[in-house]
Each structure stands twice: as C-alpha cells, then as structure tokens.
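All of the numbers you see were taken from the coordinates with simple rules; none came from a lab. In this text the structure is predicted, and so the values were computed from the model without any measurement. Every residue, glycine as well, gets a Cβ built from its backbone with ideal geometry; the counts of neighbours run over all protein chains shown.
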Amino acid sequence: MFRIRRIFDDIFSRDQDAITQVKAILREQFNLIPQEEIDELSEKLRNPAAYQWRHIIHVAEDKLHHVKGFSITAHAPDLRFCFLDYIATAKGMSGAGIGGALYEEIRDETSRLDAIGLFFECLPDDPMLCPKPELLKENAARLRFYERYGARPIMNTKYETPLKPGTTCAPYLVLDSLDQEQTPPRDEARRIVWAILERKYGKRCPPGYIDMVVNSYKDNPIRMRPPKYTKKMERLDLTQEEKRPFALIVTDEHEIHHVRSRGYVESPVRIRSILQQIQHTRLFTRLKPEHHGLRAITAIHDSGFVAYFGKACAQLEPGGSIYPYVFPIRNASRPPKELPIRAGYYCIDTFTPLNQNAYRAARRAVDCALTGATAILEGGFDLAYALVRPPGHHAERKAFGGFCYFNSAAAAAQHLSHFGRVAVLDIDYHHGNGTQTIFYDRSDVLTISIHCHPKWAYPYFSGFADERGIGPGEGYNLNIALPESPVDGLRYREALDLALKRIIRFKPKFVVLALGLDTAKGDPTGSWLLRSKDFFENGRMIGRLKLPTLIVQEGGYKTQSLGVNTRHFFSGVWEGFRGPGALL
C-alpha cells in the first residue's frame with residue numbers, strides 16, 4: 001500500500017530523504033538526463049524564479065517512507081498552464097497502480113491551480129516518426145493510458161520535428177484539457193508552446209527552431225488527435241437509437257453455478273427474477289462482459305487462495321461439492337495438504353461449498369464488474385449495473401464464505417482507484433466484511449456498510465462501529481449497524497443519509513455500490529421491512545450524489561419481490577441523478 005504526498009521544499013530531513021530517492025529513480029529510469037539537471041532538483045523547489053517555473057513534486061510512499069514512485073510538474077502561473085516533466089515508478093513497481101494514482105493527483109493539482117490544461121511530451125506511436133518496433137509498443141501503451149483521461153496529442157503542428165536532422169522519435173506534445181470541452185485558442189497555445197520550448201530546451205534548440213514550431217500552430221482553437229485507443233463498448237441491444245442511461249452487464253455463466261442443496265437460496269432464479277422486471281424498462285443498455293486476466297483478482301485476493309480455489313474446483317466431478325468441515329487455526333507455513341480439508345483453511349463458514357463451476361462462475365462475475373467499471377471510464381456511461389452471481393462482498397483477501405468467492409465489487413473499486421478516489425457503499429443486510437478487510441488500511445478507498453448488527457446477523461465477527469480502519473486507512477471505514485428489527489424504510493433512510501453525508505465529505509470521483517436487496521420484507525436471510533417504495537427512495541437518495549456509479553449485485557433472496565424491488569431502486573437512482581421528471 002502507498003500514500004501520495006506533495007514535497008514543497010527540502011527543509012525537513014524526511015523531504016530531503018524523499019528527494020534523494022527521487023533522484024535515484026531518475027538516474028535509473030532516465031539515463032539520458034544530464035546529471036546537472038538531476039542535481040538541480042532541490043534548487044528548483046527553493047528558487048522558482050530562476051527557472052521560470054514553480055516545480056511541484058509528488059511522491060508515492062509506503063509505510064516506511066520508501067518512495068515507490070514520483071512525479072515532477074512545472075507550473076507556469078504567468079500563462080496558467082502546467083507541464084508534466086516526469087512521472088515514474090521505482091524498479092519492480094510497474095502495474096501496482098502507482099502511476100495512475102500519481103497522474104490523478106497531478107490532474108487534481110492542476111485543476112486546483114486554475115490552469116487551462118496539463119501539457120506533456122509523449123513519444124510517438126506512428127512508425128513514420130519512430131521506426132523502432134521495440135519502442136512503438138511501449139509508446140502506444142503509454143498513449144493508451146493517457147487517452148483514458150482524455151489526454152491526446154495536439155494535431156497539425158511541427159512539434160514532432162527532431163532537434164537534430166536525421167534523428168527519429170521526437171515526442172508529441174500532448175494536452176490533457178481536464179475534462180473541459182474547449183481547447184486553447186491558437187494564440188494562447190503559441191505562447192504556451194514557446195514557453196515550454198524556451199524554458200525547457202532553450203539552450204539546446206538550433207537557431208529558428210522555436211519560431212518554426214510555434215508558427216506551425218495554425219488551428220484556432222488547437223485540435224487534438226481523435227481517440228485512437230479508447231474502446232467502443234459493444235452493445236447487445238441496438239433496438240433503440242439513443243443510449244440508455246445505465247450500462248447493464250449480466251453474468252452470462254452464472255447458471256453453471258447451481259448448488260441444489262436444500263436451503264441454499266443463492267440460486268440462478270435470482271438473476272431471472274431481476275431481468276424479467278428490468279429488461280423492458282428504458283433504463284438499460286446491455287453490454288457484453290469482457291474477459292479480464294487474473295491480475296485484477298490477485299490485486300485484491302491472496303495468490304495462494306486464488307490458486308487453491310482454481311485447483312480444488314478443477315479436480316471435482318460434476319455435481320460434487322466440498323463443504324468445509326475442518327477449520328484449523330491458521331498456520332501460514334503448514335496449511336493442510338489434502339484439498340478437501342484445506343477448504344476450511346480458506347473459508348469462514350460451513351455452508352459455502354466448492355464445486356466444479358464455482359471458480360469459473362466467480363471469475364466471470366469479476367469480469368462483469370470490471371466491464372461495468374470500463375463502461376464508466378471509457379464507454380461514456382455515468383451509471384453501470386453488474387448483475388452478477390455468485391455475490392462477492394463476504395470474500396476477504398484470503399478467504400471465501402457467505403456464498404461469496406471473489407469480491408467483484410472490490411475488484412472494480414481497486415481498478416477505479418487508479419483513476420481517482422472511490423467510495424464503496426454496501427447496502428446489503430449483511431456486513432461487507434470482505435470489502436472492509438481488503439481496503440482497511442487505505443485512505444483512497446472509503447468503505448461504508450449499512451447492515452444488521454453482527455450480534456444478530458452473519459458474519460457475526462465483523463461489522464462493529466469501532467472498526468474504523470488502521471494506519472493510513474483510519475477513519476476511512478464506517479460501519480452503520482442497525483438492530484435486527486424493526487427497521488422500516490424511514491429508519492433505514494436515516495442511516496443512509498448518514499452514509500451519504502460521509503461520502504460527500506470524502507469527495508470521491510467514483511462510487512461502487514454493493515446492492516443487497518435482502519433488506520426487503522420477507523427475505524429469508526433478513527428481518528427488515530423495506531418495500532418497493534423504500535427501494536425507490538433509497539435509489540433516489542443515492543442518485544442525488546450525481547457521481548459516476550457502478551452498482552454490483554450482492555444479496556436478495558425473496559424471488560417473488562426481488563425483481564420489482566430492483567426495478568423501483570433503479571428508477572429511483574435515475575430520478576435522483578437527473579432530477580424530477582427524468583424517468584424514461
């Protein structure tokens with residue numbers, strides 16, 4: 001885990017140490033940077049006037065203050081723009097989400113400075129400009145990453161002209177307009193480009209070079225390259241010309257996981273009951289689930305647990321199940337060798353079996369949640385619904401239980417956290433113990449659960465009010481535990497209002513909602529009294545946040561009312577999001 005902080009100067013020893021580590025990463029990752037430029041880093045912080053920039057350093061550190069990544073941004077207050085000089089991670093930290101978190105922080109900082117945009121250089125993905133196949137793939141991956149934020153190269157200029165004739169791979173100038181629709185006008189862009197070239201490369205530019213590049217900016221306003229990598233989401237229903245507000249992703253392999261044991265209420269009919277009620281509304285655009293690799297799962301679950309789960313399920317015969325029955329006090333060095341016995345090493349109860357298809361179905365549920373997250377990031381949707389089973393919010397980093405194997409909502413929250421702060425709100429009747437444990441020591445993901453008090457309800461050992469997080473995550477976990485009964489719609493909305501106010505204070509960029517509908521009157525796993533009108537009101541309150549929201553299905557087992565309650569909930573979300581009279 002890591003946290004990001006800004007370094008203002010080198011006065012304190014902690015900041016001096018961080019700057020020393022930044023310099024070491026610079027030398028390692030950018031071997032073409034002149035040593036004198038690296039040595040000037042502290043002076044740039046102390047004396048911005050001498051460099052015509054105000055330099056801003058952000059570092060991503062672990063609990064021991066080891067720098068895992070950094071960014072250096074130059075702010076030009078006179079021209080109201082920022083230039084991203086460097087962003088890098090330490091050796092071995094690629095793919096850990098540090099680069100995304102740093103870039104998100106830079107964007108926020110640039111917005112706070114009231115800058116018109118964030119500019120930076122990126123090596124080209126055009127073989128005509130960079131005839132080196134080994135570099136093109138890396139360049140394309142980097143441009144793909146930035147394009148997710150709307151940052152793209154500026155078109156129709158000579159910025160890509162090499163400083164020395166005969167050389168190749170001169171960079172694009174890329175603009176992140178910070179979600180603003182308008183790009184800078186030509187004359188303003190020319191002043192910015194002149195400042196970048198003069199202040200950054202002035203001594204190295206041949207005579208006439210800067211004027212040649214600056215005068216090549218003729219579009220007014222400047223134009224950015226059309227999206228090249230942003231994937232267009234594939235719709236399943238194309239009967240309506242307009243895009244409906246919610247992306248809907250249904251787990252297409254959920255029926256393979258059908259436990260026919262008496263009393264096992266987490267059955268395929270749950271999905272059919274919901275679909276029957278919502279598919280004829282005009283709220284949903286159906287998308288195909290996309291396949292994702294195991295990295296998204298091992299980012300939130302222990303790799304040993306994931307490997308065991310897959311191996312144990314693969315060895316079972318069709319129709320056969322392993323029910324955990326031995327629960328050893330965990331000894332990390334000597335887990336049981338026999339797979340059936342080891343189930344209790346990874347499980348927290350006796351009623352969540354392993355069978356041949358559990359692993360496959362659980363992976364597909366994660367695929368659906370991640371597809372929903374992608375629909376929000378890249379598909380132009382503000383709202384998405386991953387209708388999945390098996391559920392996931394009881395799945396902890398190293399354990400399954402409560403009908404849950406992989407934590408789909410947590411996987412989606414982890415993915416979204418690379419692009420901004422995330423609030424996870426769990427409104428299932430039962431405490432989301434898995435989600436809590438996964439993010440318990442983090443401050444970039446706020447976890448809130450409204451549930452029946454563990455004195456009366458599963459999982460019994462988790463969900464208490466004094467569980468507030470640890471370390472950097474202290475204060476970023478909120479449990480709102482309500483009595484077993486009677487809890488009606490009014491009492492529930494009081495708790496929901498408290499949760500939403502905490503989310504508003506947190507100021508997240510995204511919300512992940514773990515949607516449990518087992519709070520309904522008559523649900524076989526709950527004791528509360530919520531009716532369809534209450535689900536509508538709950539949805540409307542959540543919609544009023546007006547934040548990009550991914551909704552992931554969790555519990556809800558009274559199939560007679562499950563679909564109706566779901567339909568009312570989504571109608572409420574849409575009305576809250578768009579305002580009265582917004583229902584389609």
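Determine the sum of side-chain charges near Phe309: Lys and Arg each +1, Asp and Glu each -1, restricted to other residues whose C-beta is under 12 angstrom from that of Phe309. Please report the intermediate quantities before stating the final value.
Details: positive: Lys311, Arg342, Arg360, Arg363, Lys398; negative: Asp302.
Combined, the nearby Lys, Arg, Asp and Glu give +4.
By the gyration tensor of its Cα atoms, with a ≥ b ≥ c the square roots of the eigenvalues, what is the shape of segment 3-215: rounded for a/c under 1.5, prolate for a/b over b/c, or oblate?
Details: a/c = 1.45, a/b = 1.32, b/c = 1.10.
Cα axes put segment 3-215 in the rounded bin.
Which Cys residues of the chain have no other Cys Cβ less than 4.7 Å away and so no disulfide-compatible partner by this rule?
Isolated Cys, the chain: Cys82, Cys122, Cys205, Cys313, Cys347, Cys368, Cys404, Cys452.
Which of the lysines could a cross-linker span from Lys501 if the Cα-Cα distance has to be under 25 Å and same-chain partners fewer than 8 positions apart are dropped?
Lys509, Lys533, Lys546
Gain in length, His280 to Arg225, computed as 0.36 nm per residue apart minus the alpha-carbon separation, to one decimal in nm?
Details: separation 55, 0.36 × 55 = 19.80 nm, distance 3.88 nm.
Result: 15.9 nm gained on full extension.
Which pairs, out of Lys288/Lys558; Lys311/Lys398; Lys132/Lys158; Lys132/Lys164; Lys68/Lys132; Lys23/Lys63, put more than 24 Å between their alpha-carbon atoms?
On the way: Lys288/Lys558 27 Å; Lys311/Lys398 15 Å; Lys132/Lys158 20 Å; Lys132/Lys164 18 Å; Lys68/Lys132 30 Å; Lys23/Lys63 20 Å.
Result: Lys288/Lys558; Lys68/Lys132 exceed 24 Å.
I need the helices of the chain that pass two filters: whole DSSP H segments spanning 30 Å or more by Cα along the axis, and mean Kyte-Doolittle score no lower than 0.5.
Details: long enough: none.
Going by DSSP H runs, there are no hits.
Just one of (1) 29.2; (2) 24.4; (3) 30.6 is mean projected area of the Cα convex hull in nm² as worked out from the coordinates here. Which one is it?
(1)
Run the helix sum for the chain: -39,500 (n - 2.57) per DSSP H stretch of 4+ residues, divided by residue count, reported at 222 nm to the nearest 500 deg cm²/dmol.
Working: 18 runs with 205 residues, N = 584.
So the helix-based figure for the chain works out to -10500 deg cm²/dmol.
Describe numerically, in nm with one decimal, the distance between label points set 7 Å from Cα along Cα→Cβ at Phe461 and at Lys23.
That separation, rounded to one decimal, is 5.0 nm.
Using DSSP, restrict attention to beta bridges with both residues in the chain and report what percent are antiparallel, rounded to the nearest 5. Walk me through the numbers on the way to the answer.
Details: 33 of 71 bridges.
Within the chain, antiparallel bridges account for around 45 percent of the total.
Between Met212 and Arg5, what's the calculated FRET efficiency when r is the beta-carbon distance and R0 is 45 Å? Round to 0.05.
Numbers: r = 41 Å, r/R0 = 0.91.
Plugging the Cβ-Cβ distance into 1/(1 + (r/R0)^6) gives 0.65.
Quick one: net charge around Leu45, please, counting Lys, Arg +1 and Asp, Glu -1 for every other residue with C-beta under 11 Å from its C-beta. Provide the component values of the computation, followed by the final result.
Details: positive: Arg6, Lys44, Arg46, Arg54; negative: Asp9, Asp10, Asp15, Glu40, Glu43.
Cβ neighbours under 11 Å give a net charge of -1.
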